[in-house]
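Okay, structure first, notes after.
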Amino acid sequence: MYEEEQPPEHGPLAGFTVGVTAARRADELGALLERRGAAVLHAPALRIVPLADDSELLTATKDIIGRAPDITVATTAIGFRGWVEAADGWGLGEDLLERLRGVRILARGPKVKGAIRAAGLTEEWSPVSESMAEVLDRLMEEGVDGLRIAVQLHGEPLPGFVESLRAGGAEVVGVPVYRWLPPEDIGPVDRLIDATVARALDAVTFTSAPAAASLLSRAEERGLLEDLLAALGHDVVSACVGPVTALPLQAHGIGTVQPERFRLGPLVQLLCRELPARARALPVAGHRLEIRGHAALVDGALRPVPPAGMSLLRALSRRPGWVISRAELLRALPGTGRDEHAVETAMARLRSALGAPKLIQTVVKRGYRLALDPTAESGCGDG
């Protein structure tokens with residue numbers, strides 16, 4: 001019989017490590033993950049060009065003030081607010097708003113509608129779906145031939161959007177709000193790539209397509225692209241905030257998970273379901289043992305385990321109930337040592353960390369085995 005499982009005192013992501021590639025709102029995403037128990041590795045894959053220093057945005061702003069567009073498409077609240085604030089900083093704020101007051105404004109969703117109204121403007125229409133595809137469909141149905149259309153860009157690619165408008169005969173003025181460049185300090189990105197390749201991460205989150213592309217590009221520069229793709233393809237979850245963000249990964253054949261609503265909160269909630277569901281759960285010596293990234297749950301209690309111990313635990317769990325030799329376990333340990341006493345030392349620490357020494361049996365002169373319960377109920381099988 002299993003010990004009665006107590007209500008967990010830890011979050012659903014306890015024992016898992018999640019990489020965060022975001023530049024904007026990275027602290028918010030990290031805090032959401034940490035509140036649910038995850039360990040977080042921050043590695044902004046991009047840096048945002050400060051708006052006040054962005055000569056391309058200044059040029060586009062002057063172009064629009066000088067000759068009004070017929071339609072303006074606003075895509076993000078932070079981008080639209082940033083554009084107006086940057087114009088204010090250049091002494092062009094009132095001129096820009098005055099110009100936009102006589103223009104039809106289409107807003108992608110409710111957040112950008114709020115930003116438009118906060119600036120004293122009024123949108124003509126916004127899709128319920130918050131989809132740029134629906135915005136494009138409406139414009140193309142109405143006809144865009146001969147129209148001048150300003151599109152507030154925000155660093156994300158808009159697949160086919162601008163091209164379709166131009167193909168329909170429109171003159172498109174791109175407003176490049178929040179352009180992204182590689183980070184000034186590449187060290188955190190390299191550490192995230194190394195941790196992913198080593199399977200020291202359980203998931204990597206992506207909140208923009210450029211960040212995903214930047215990470216892949218850096219891995220390629222280091223000769224690690226194939227290793228990174230192998231890790232993301234099999235062992236490390238690629239969690240994307242939406243389908244556009246996932247495009248660079250999918251182009252390399254990497255499967256991704258995405259929330260139904262393209263927001264940070266739902267992205268974290270998705271990981272709270274996805275990662276525990278992937279964890280290995282076994283009935284061992286009258287206990288329920290669940291193996292997570294850097295910890296184990298023993299009857300629902302969180303037990304942090306040192307890296308060497310996790311390596312041994314994973315090696316044992318691949319063939320639960322079978323005897324695994326010291327030589328094989330030595331090969332599973334980090335590093336390239338040859339002394340089998342290292343296995344004994346790591347095993348002692350693992351047993352201590354688990355708090356239930358009988359989970360792992362010593363088989364004299366042969367090795368170690370997980371004390372699998374062969375007649376346990378199927379409810380504690382693989383997770």
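Tabulated data
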read-out: Cα pair distances in the stretch 142-277, grouped into 10 Å bins until the bin that holds the longest one, percent each; value: 11, 35, 30, 16, 7, 0
read-out: Listed residues 238, 55, 131 arranged by accessible area, highest first, probe 1.4 Å; value: 55, 131, 238
read-out: Angle in degrees between helix 264-278 and the longest Cα principal axis of the chain, rounded to the nearest 10; value: 20 degrees
read-out: Euclidean distance of C-alpha centroids, the stretch 238-296 and the stretch 85-109, integer Å; value: 41 Å
read-out: Estimated FRET transfer efficiency (residue 42, residue 130; beta-carbon r; R0 35 Å; 0.05); value: 0.80
read-out: Trypsin sites (Lys or Arg not before Pro) within the stretch 317-353, DSSP loop, no more than 16 other Cβ atoms inside 10 Å; value: 338
read-out: Between 0 and 90°, nearest 10: helix 341-354 axis offset from the chain longest Cα axis; value: 70 degrees
read-out: P(r), alpha carbons of the stretch 188-237 - 5 Å bins starting at zero, rounded %; value: 5, 23, 35, 29, 8
read-out: Residues with amide H under 5 Å from that of residue 203, placed H, sequence gap 5 or more; value: 17, 19, 237
read-out: Cα-based helix-to-principal-axis angle, 132-142 vs the chain, degrees rounded to 10; value: 30 degrees
read-out: Residue-averaged [θ]222 nm for the chain, counting only DSSP H segments that reach four residues, each worth -39500 (n - 2.57); value: -12500 deg cm²/dmol
read-out: Restricting the stretch 93-184 to trypsin sites (Lys or Arg not before Pro) in coil, as DSSP defines it, with at most 14 other Cβ within 10 Å; value: 101
read-out: Sum of side-chain charges, residue 96 neighbourhood, beta-carbon under 14 Å (Lys, Arg +1; Asp, Glu -1); value: -1
read-out: Peptides ranked, highest mean first, by Cβ atoms within 10 Å: ranges 15-24, 87-96, 223-232, 239-248; value: 15-24, 239-248, 223-232, 87-96
read-out: Cα gyration tensor shape for the stretch 1-149, rounded if a/c is under 1.5, else prolate or oblate; value: prolate
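The values are calculated or read from the model by the stated rules, or taken from the named source; none is laboratory data. Just so it is clear, the model here is predicted, and its values are computed rather than measured. Reconstructed Cβ throughout: ideal geometry from the backbone, glycine too, with neighbour counts over all protein chains shown. For the accessible areas, the whole protein counts, side chains as well, though only heavy atoms, and no ligand, DNA or RNA atoms are used. Shrake-Rupley method; radii C 1.70, N 1.55, O 1.52, S 1.80 Å.
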